[in-house]
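Working notes for the structure below.
The values are calculated or read from the model by the stated rules, or taken from the named source; none is laboratory data. The structure presented is a predicted model; accordingly, all values stated were derived computationally and were not measured. Neighbour counts are summed over all protein chains in view; Cβ atoms, including those assigned to glycine, are modelled from backbone coordinates with ideal geometry. For the accessible areas, the whole protein counts, side chains as well, though only heavy atoms, and no ligand, DNA or RNA atoms are used. Shrake-Rupley method; radii C 1.70, N 1.55, O 1.52, S 1.80 Å.
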2 protein chains.
Amino acid sequence: MIPVREAPIGVFDSGVGGLTVAREIMRQIPKERIVYFGDTARVPYGTKSQDTVIRYSRQIARFLRTRNVKAIVIACNTASAYALETLKEELELPIMGVVKPGARVAARASTGGNIGVIATEATVGSHIYRDYIQSLRPGARVCEKACPLFVSLVEEGWLKDPVTEAVAERYLQEMKERRVDTLILGCTHYPLIRSTVRKVIGEEVTLVNPAYETAIELRELLRREGMDNQGHNKTEENPYEFFVSDAAERFKAFANSILPFDITSTRQINIEEY
Amino acid sequence: MIPVREAPIGVFDSGVGGLTVAREIMRQIPKERIVYFGDTARVPYGTKSQDTVIRYSRQIARFLRTRNVKAIVIACNTASAYALETLKEELELPIMGVVKPGARVAARASTGGNIGVIATEATVGSHIYRDYIQSLRPGARVCEKACPLFVSLVEEGWLKDPVTEAVAERYLQEMKERRVDTLILGCTHYPLIRSTVRKVIGEEVTLVNPAYETAIELRELLRREGMDNQGHNKTEENPYEFFVSDAAERFKAFANSILPFDITSTRQINIEEY
């Protein structure tokens, strides 16, 4: 058994979107090893029910345990919204999602307490962002909007595109009318169309990417628990491992466009067996 | 045991799209009972690998067997492209997909042998339409194009919409330049945006919906095998049963917009157990 400090962090998502969170962890805590799992066989989670998302998240947590992770980050807003509390009760190790860090920074950053949240249908339907923001900042107004097409547009690679802009105009219309001062990119795919969202919503609105704050909070958590890696992975050949439930090649191509280095190997597993 | 003639037909799809095929079967062979399964927990199939689509299709076929179906229709182009041959070898009962009926009618209907196919990435990548059309009509030119955003646009309900039209203009550009005379709607979602496709591609192009031809071929198959229902379901209270792997309510709302009657009950099962 390797010492706990040297064990990897488990990071999971419904697919590739969570790589935007993994990327922030690599930047903010470069000494940590990561085991990433993308549930590419069952993506997307954003239109699924809570029961199903909990069942899938449990299977993934069981898989990550077999890789001896010391902590788990749910790098998917939908799974954070639906499954975090259940997994927290069931697991012995520290686990965190992306919703609370994102909500915290928005509640703090908002100048007028007028906050927008764009996310999947599931995340919006849970009202988890609204409830958490209002618990931190009573009186804040929170406008939530599901933007299901954004995920498909990102996966099609139409990041800066007139079609994507037209879709954003439609989805963000209400946010503009309500003059939100802060907007949470509440789905891990959305930071990839940040510049289109910025163009449509305007320069004066603060955009919040929960991935950044999640990496910072993870660093604090590991220190607090005495679990932070002191730098042993420098001798490791491969500090980052990637697993998927389907079509590893497709995942690799997308990952290489997001991460600052090229992934050399991705392994496919049958997640239904966990 | 009920007599084989009175047993239902199993129809399955990755989600709701296959209801366009079920609808045609209801119209063309109204005496038949149907057990429909929509794999809403794992939709979409169109971006998944062949291994995964075969594994999912096998599970569904096993489930349908427990409902005592007399024949199976794969009402999903991707699953027809990837899994039909495997299931045919493994199952004792008649099974058919939507690809061959669609390809047959296009090969016959095309005036100049210049045929377009729009479908999912998986179906296009398999080249099953091209290969089958050319086996029936050597010398036919076949232009295949994956249109992944169409599924999301249909599920968002933007059927006649400027955004959908802009996306169609982009996807169908090459078809227009090549002046295809016949276009196969090679994904079960696409008939739902038929009028937008029609507007973009022009009046002179023949649009082929494989669902219609599939229902006709199914009727022939059942007669040939002596399996056609002679009308016993008229005494049945509920000739059509619907099962899904997730979020039955969401499925019901969409189904009721496609089918000519309202579904009253939809049951959710855990398909991973089959």
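If I ask for residues that are touching a residue at least 60 places away in the same chain (Cβ under 8 Å) and under 14 Å from the mean Cα position of the chain (by Cα), which ones from the range B:27-49 would you list?
Passing the criteria: B:Y36, B:F37, B:G38, B:D39, B:P44, B:Y45, B:G46.
List the number of the failed condition for A:T111; all other conditions in (1) in a helix (DSSP H, G or I); (2) among the hydroxyl-bearing types (S, T, Y); (3) open to solvent by 10 Å² or more (accessible area, probe 1.4 Å) hold.
Single failed check for A:T111: (1).
For (1) more than 30 Å from B:P44 (Cα to Cα); (2) within 14 Å of another protein chain (Cβ to nearest Cβ); (3) outside any loop (DSSP other than H, G, I, E, B), each residue gets a yes or a no:
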residue: A:G139; (1), (2), (3): yes, no, no
residue: A:V163; (1), (2), (3): no, yes, yes
residue: A:V167; (1), (2), (3): no, yes, yes
residue: A:R170; (1), (2), (3): no, yes, yes
residue: A:L192; (1), (2), (3): no, no, yes
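Select from the range B:126-136 the residues that are crowded, with 18+ Cβ neighbours inside 10 Å and in contact (Cβ under 8 Å) with a residue 12 or more places away in the chain and list them in ascending order.
Once the filter is applied, which keeps residues that are crowded, with 18+ Cβ neighbours inside 10 Å and in contact (Cβ under 8 Å) with a residue 12 or more places away in the chain, the range B:126-136 yields B:S126, B:I128, B:Y129, B:R130, B:Y132, B:I133.
Are any residues in the range B:147-162 open to solvent by 10 Å² or more (accessible area, probe 1.4 Å) and of a type in the set (A, V, I, L, M, F, W, C), and if so, which ones?
Correct list: B:V151, B:W158, B:L159.
Check off (1) open to solvent by less than 30 Å² (accessible area, probe 1.4 Å); (2) in a helix (DSSP H, G or I) for A:E220 and give me the number that stays unchecked.
A:E220 satisfies all of (1) open to solvent by less than 30 Å² (accessible area, probe 1.4 Å); (2) in a helix (DSSP H, G or I) except (1).
Scanning the range A:150-161 for residues that are at the interface with chain B (Cβ under 8 Å from one of its Cβ atoms) and not hydrophobic (A, V, I, L, M, F, W, C), which turns out farthest from A:F251 (Cα to Cα)?
Only one residue fits best here, namely A:S152.
Can you find even one residue in the range B:131-143 that is closer than 23 Å to B:S14 by Cα and either touching a Ser or Thr at 6+ places or on another chain (Cβ under 8 Å) or of a type in the set (D, E, K, R) (or both)?
No, the range B:131-143 contains no residue that is closer than 23 Å to B:S14 by Cα and either touching a Ser or Thr at 6+ places or on another chain (Cβ under 8 Å) or of a type in the set (D, E, K, R) (or both).
Pull out all pairs, ordered by first then second residue, where Cβ-Cβ is under 7 Å, the residues are six or more apart or on different chains, the first lies in the range B:94-116 and is under 19 Å from B:L172 (Cβ atoms), and the second is in a helix (DSSP H, G or I).
If the second residue must be in a helix (DSSP H, G or I), the pairs left are B:G102/B:P210; B:G102/B:E213; B:A106/B:I133; B:I115/B:A106; B:I115/B:I133; B:G116/B:M175.
Could you say which residue among B:E213, B:E144, B:E204 is of a type in the set (D, E), more than 14 Å from chain A (Cβ to nearest Cβ) and either within 17 Å of B:R108 (Cβ to Cβ) or open to solvent by less than 10 Å² (accessible area, probe 1.4 Å) (or both)?
B:E213
State all residues of the range B:86-108 that are open to solvent by 30 Å² or more (accessible area, probe 1.4 Å), under 16 Å from B:L221 (Cβ atoms) and out of contact with any helix residue (DSSP H, G or I) (no Cβ under 7 Å at 6 or more places or on another chain); if no residue qualifies, say none.
Selection gives B:K88, B:E92.
Residues being without any contact (Cβ under 8 Å) to a residue 60 or more places away in the chain, charged (D, E, K, R) and within 14 Å of chain A (Cβ to nearest Cβ): count how many of those fall in the range B:229-260.
Number of matching residues: 2.
Here is a check on your reading of the model: is B:T86 out of contact with any Pro (no Cβ under 7 Å at 6 or more places or on another chain) and without any contact (Cβ under 8 Å) to a residue 12 or more places away in the chain?
No: the conditions fail for B:T86.
Is the range B:39-59 home to any residue that is open to solvent by 10 Å² or more (accessible area, probe 1.4 Å) and more than 14 Å from chain A (Cβ to nearest Cβ)?
No, there is no match, as no residue in the range B:39-59 is open to solvent by 10 Å² or more (accessible area, probe 1.4 Å) and more than 14 Å from chain A (Cβ to nearest Cβ).
Report yes if some residue within the range B:1-11 is modelled with pLDDT under 95, assigned to a helix (DSSP H, G or I) and hydrophobic (A, V, I, L, M, F, W, C); otherwise report no.
Yes, because at least one residue in the range B:1-11 is modelled with pLDDT under 95, assigned to a helix (DSSP H, G or I) and hydrophobic (A, V, I, L, M, F, W, C).
Only one of (1) within 14 Å of chain A (Cβ to nearest Cβ); (2) part of a loop (DSSP other than H, G, I, E, B) fails for B:R179. Which number is that?
Tallying (1) within 14 Å of chain A (Cβ to nearest Cβ); (2) part of a loop (DSSP other than H, G, I, E, B), B:R179 fails exactly one: (1).
Specify which of the listed residues (A:G186, A:G226) is surrounded by fewer than 20 Cβ atoms within 10 Å (Cβ to Cβ) and either more than 14 Å from every other protein chain (Cβ to nearest Cβ) or under 27 Å from B:K48 (Cα atoms) (or both).
Answer to the selection: A:G226.
Please give the number of the condition B:T235 fails out of (1) of a type in the set (S, T, N, Q); (2) at pLDDT below 95; (3) buried (at least 20 other Cβ atoms within 10 Å of the Cβ).
Here B:T235 meets the rest and fails (3).
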